[in-house]
1. Out of all the residues in region 1-30, which are exposed (fewer than 14 other Cβ atoms within 10 Å of the Cβ) and at pLDDT 80 or above?
2. For region 142-164, how many residues meet the condition of being assigned to a strand (DSSP E or B) and buried (at least 16 other Cβ atoms within 10 Å of the Cβ)?
3. Of all residues in region 12-30, which are charged (D, E, K, R) and under 23 Å from Ala109 (Cα atoms)?
4. In region 35-141, which strands (runs of 3 or more DSSP E) lie fully inside it and hold 2 or more residues that are among the charged types (D, E, K, R)?
5. Suppose we keep only residues that are in contact with a helix residue (DSSP H, G or I) (Cβ under 8 Å, 6 or more places away or on another chain) and among the small types (Gly, Ala, Ser) within region 109-132. Which one would you say is farthest from Trp33 (Cα to Cα)?
6. Just to be sure I understand the filter: pairs with C-beta atoms under 6 Å, separated by 6 or more residues or on different chains, first member in region 58-70 and more than 19 Å from Tyr24 (Cα to Cα), second member open to solvent by 20 Å² or more (accessible area, probe 1.4 Å) and part of a strand (DSSP E or B). Which pairs pass?
7. Given the condition basic (Lys, Arg), at pLDDT 90 or above and open to solvent by less than 30 Å² (accessible area, probe 1.4 Å), answer yes or no: does some residue in region 110-117 qualify?
8. Find the residue count for region 75-95, including only residues that are open to solvent by 20 Å² or more (accessible area, probe 1.4 Å), under 21 Å from Phe142 (Cα atoms) and touching a residue at least 24 places away in the same chain (Cβ under 8 Å).
Amino acid sequence: MTLATALPHCRLRALEPSDVELLYLWENDPEVWRVGGTTSPLSYQRIAQFVEEQSYDLYTTRQMRLVVECEGIAVGTLDIFDFDPQHLRFGIGILIYAPEARRKGYARAAIEAVKAYARDTIVLRQIWASVAADNEASIALFEGCGFELCGRRRAWLRRHDGYTDQLEYQFIL
């Protein structure tokens, strides 16, 4: 599966066995845990098993992980989750891992590609995303992609120095 993006030489693609090394690095980085809600490391074997068993039948698994690849280099992932075929919606989360790959339009291109996929291929009604209120880059990203703030969960996410709100965004197709 490949989804074209708005940037030349940038695409969303299915996981490949060769991605296990990168996923192992990314999934076990405590900085990524902060935004993804992870609290413990994952084994190499578990990640390899996840990649091997990954199914791209969204109607069966209700989720999908795609690699954001730009100019032939994997720079991050885009997760589709909580797919609801009755109400025609799913949630998304995105990671552009390396700081030098951020702010180049890759995340925006990936979101635009998944919006087109949702609209044209599986004919969804909406996409939603949850963002920590202290994640200014993600707030700007989702708002720049046309997502609208539709809710706030007060003191929802625990941080080492207290709590922060979680913002809820949605995009109606």
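The values are calculated or read from the model by the stated rules, or taken from the named source; none is laboratory data. Given the structure is predicted, the values throughout are model-derived calculations rather than measurements. Cβ coordinates were reconstructed from backbone atoms using ideal geometry, including for glycine residues, and neighbour counts include every protein chain displayed. All accessible areas refer to the heavy atoms of the entire protein, side chains included, with ligands and DNA or RNA removed. Shrake-Rupley method; radii C 1.70, N 1.55, O 1.52, S 1.80 Å.
1. Across region 1-30, the qualifying residues are Glu16, Pro17, Ser18, Glu21, Leu25, Pro30.
2. Going through region 142-164, the residues assigned to a strand (DSSP E or B) turn out to be 148-159, 162-164.
Next cut, buried (at least 16 other Cβ atoms within 10 Å of the Cβ) only: 157, 164.
Looking only at that region, the number is 2.
3. Let us first name the residues in region 12-30 that are charged (D, E, K, R), namely 13, 16, 19, 21, 27, 29.
Correct list: Arg13, Glu16, Asp19, Glu27.
4. Details: elements: 64-70, 73-84, 89-96, 126-132.
Result: 64-70, 73-84.
5. At the first step, the residues of region 109-132 found to be in contact with a helix residue (DSSP H, G or I) (Cβ under 8 Å, 6 or more places away or on another chain) are 111, 122, 124, 127, 129, 131-132.
Checking the rest, the ones that are also among the small types (Gly, Ala, Ser) come to 129, 132.
Numbers: Ala129: 17, Ala132: 13 Å.
So, considering only residues that are in contact with a helix residue (DSSP H, G or I) (Cβ under 8 Å, 6 or more places away or on another chain) and among the small types (Gly, Ala, Ser), the one farthest from Trp33 (Cα to Cα) is Ala129.
6. Gln63/Phe81
7. Keep residues of region 110-117 that are basic (Lys, Arg), which gives 115.
Those still in the list that are at pLDDT 90 or above too: 115.
Still in the running and open to solvent by less than 30 Å² (accessible area, probe 1.4 Å): 115.
Yes, that holds for at least one residue.
8. The qualifying residues number 5.
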